[in-house]
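The block underneath contains the structure these notes are about, expressed in structure tokens.
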Amino acid sequence: MLNKILPHKPITLKALFSFQKTPFNIFMVIVTLSLLGMFVLGALNYLIHGHHAYGVTREHPWGLMIAMYIFFVVSSTGLCIISSLGHVFKFKSFEFIGKRAIFGAIITILSGFAVIGLEIGHPLRMVIYNTISPGMTSAIWGMGVLYSIYLGLIIMEFIFLSRDDHRWSTMFGLGGLLVGIAAHSNLGAVFGFLVGRPLANGVFYPIYFILSAMITGCYLLFLMYGYRFKMKFDKQMEHFLVHLARLLGLLIAILLFFEFWRLLTAIYGRVPERADTALHILTSPNFLIGELLLGMLIPFFIILFSKAKAIKKIIYASIGGMVGIFFMRYDLVHDTLVYPMQTMKIREYQLPPEWVHYSPTATEWMIALGAIGITLVLYYIGENFFFLDPKEHDEYFEHYHGIDDEEEDIASSAVVTK
């Protein structure tokens, strides 16, 4: 019955626990189990002590949990957008990544929900009161509702992709894309609506979130296919990865342009708080090493100087790129809150302001890193139980007119013409 709804491989314990006992695979098993153990310990400590287990304060109410939630939902939206280039917009070289990318989008947003569920305090109450007393003017309420709809749509998209029903998968894919972009720009608006925080307030973040999501999706696809093919690619896969690298290079160039003007306009005119915070960011190792060097410059220059053909180097750079993406999310939260809120008459009512300090506790780190373990386990389950590669099961690709065949046809017709 289940196989008719969602085609799958045999679901057995033997299939679950059988894998090649290579040193790398054994290392990944140890890392994944360690991360899962950390998540369980962190969750238990939070359930016992509540928000006292976290390092957040009234002055810095958002912390690592919010940053990791953003990290995961950005990853999900990015994978959804990149996958839509193939089976929604029919770019030939992107068509075959649909199932793997959409499955990645599902598991990353589920990991994000696991993190945010341990931050908001009462997730069951949230579901109840979101329904009976919705806050229509709240960007956070809109974000929650839109992401819930988005999750339902991409699950249906994955089901129809697995059933080889490309008519319905395209419809649900288009719906998931539109709702996902709306949800993600709404998440950016949570920051953009912060009138009391001049550096965040404005139209920048709703647009920036979409751009950075696409970059994150590209990094994740490089890592997923690098692991899937053990760094040994056929010509069709190399062709796709070169296309993906060119897209990634263009997106990083646009992001660098965005960041330049964001910081320049923040510093220009020396507006109090806005300029001070921007200058503080520019001297921060998190920004210079994490965001700028790992997240943007190293991958960009590898793509630029290799003309997007150094695939293995780009895959290794994508590991650093994902570390840089984490720092982007962490700094987004911390830099928004780092400048202290003040009364108007500083000298009469309070001492000159100092930067707000925040350090994640061990509980926050265990939950945040443990959520990566959840993603790895879900991906492993998907790899073992579902048909993530199109030629395994999908009739649409049984006579797939691949990249190599297409190039040979073009070359043949050119010879005939001559």
Selected residue (only one of PHE39, PHE27 is farther than 30 Å from PRO340 by Cβ and touching a residue at least 24 places away in the same chain (Cβ under 8 Å)): PHE39
Of all the residues that make up region 1-29, how many are of a type in the set (A, V, I, L, M), more than 25 Å from ILE372 (Cβ to Cβ) and modelled with pLDDT of 80 or more? 2
Residues LEU110, LEU124, LEU118: which one is under 30 Å from ALA53 (Cα atoms) and in contact with a helix residue (DSSP H, G or I) (Cβ under 6 Å, 6 or more places away or on another chain)? LEU118
Every residue in region 315-340 that is part of a helix (DSSP H, G or I) and over 18 Å from the mean Cα position of the chain (by Cα), please. HIS334, ASP335, THR336, LEU337
If we take region 1-116, then helices (runs of 4 or more DSSP H) inside it with 1 or more residues that are surrounded by fewer than 15 Cβ atoms within 10 Å (Cβ to Cβ) and of a type in the set (Lys, Arg) are 2-5, 13-17
Being exposed (fewer than 14 other Cβ atoms within 10 Å of the Cβ) and of a type outside the set (D, E, K, R) is the filter here; which residues of region 259-278 pass it? PHE260, TRP261, LEU264, TYR268, GLY269, PRO272
Under 7 Å between Cβ atoms, at least 6 apart or on separate chains: pull out the pairs that start in region 235-260 with a residue that is closer than 16 Å to LEU211 by Cβ and end on any residue that is open to solvent by 60 Å² or more (accessible area, probe 1.4 Å). GLY249/LEU304
Name, by its number, the condition in (1) open to solvent by 40 Å² or more (accessible area, probe 1.4 Å); (2) in a helix (DSSP H, G or I) that does not hold for ASN201. (2)
The condition of being among the small types (Gly, Ala, Ser) and buried (at least 20 other Cβ atoms within 10 Å of the Cβ) holds, among SER162, SER148, only for SER162
Hey, among the residues in region 169-191 that are buried (at least 22 other Cβ atoms within 10 Å of the Cβ) and over 17 Å from the mean Cα position of the chain (by Cα), which one's nearest to GLU59 (Cα to Cα)? PHE191
With the condition kept exactly as written, say whether any residue in region 281-304 is under 19 Å from the mean Cα position of the chain (by Cα), open to solvent by 70 Å² or more (accessible area, probe 1.4 Å) and either of a type in the set (Phe, Trp, Tyr) or closer than 25 Å to PHE103 by Cα (or both). no
On the phi < 0 side of the Ramachandran plot, in a helix (DSSP H, G or I) and open to solvent by 30 Å² or more (accessible area, probe 1.4 Å): which single residue out of LEU244, LEU256, LEU251 fits that description? LEU256
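The values are calculated or read from the model by the stated rules, or taken from the named source; none is laboratory data. All figures in this text were calculated on a predicted structure; none of them were measured in a lab. With ideal geometry, Cβ positions are generated from the backbone for all residues, glycine too; neighbour counts draw on all protein chains shown. Keep in mind that these areas ignore ligands, DNA and RNA; they rest on the heavy atoms of the full protein, side chains included. Shrake-Rupley method; radii C 1.70, N 1.55, O 1.52, S 1.80 Å.
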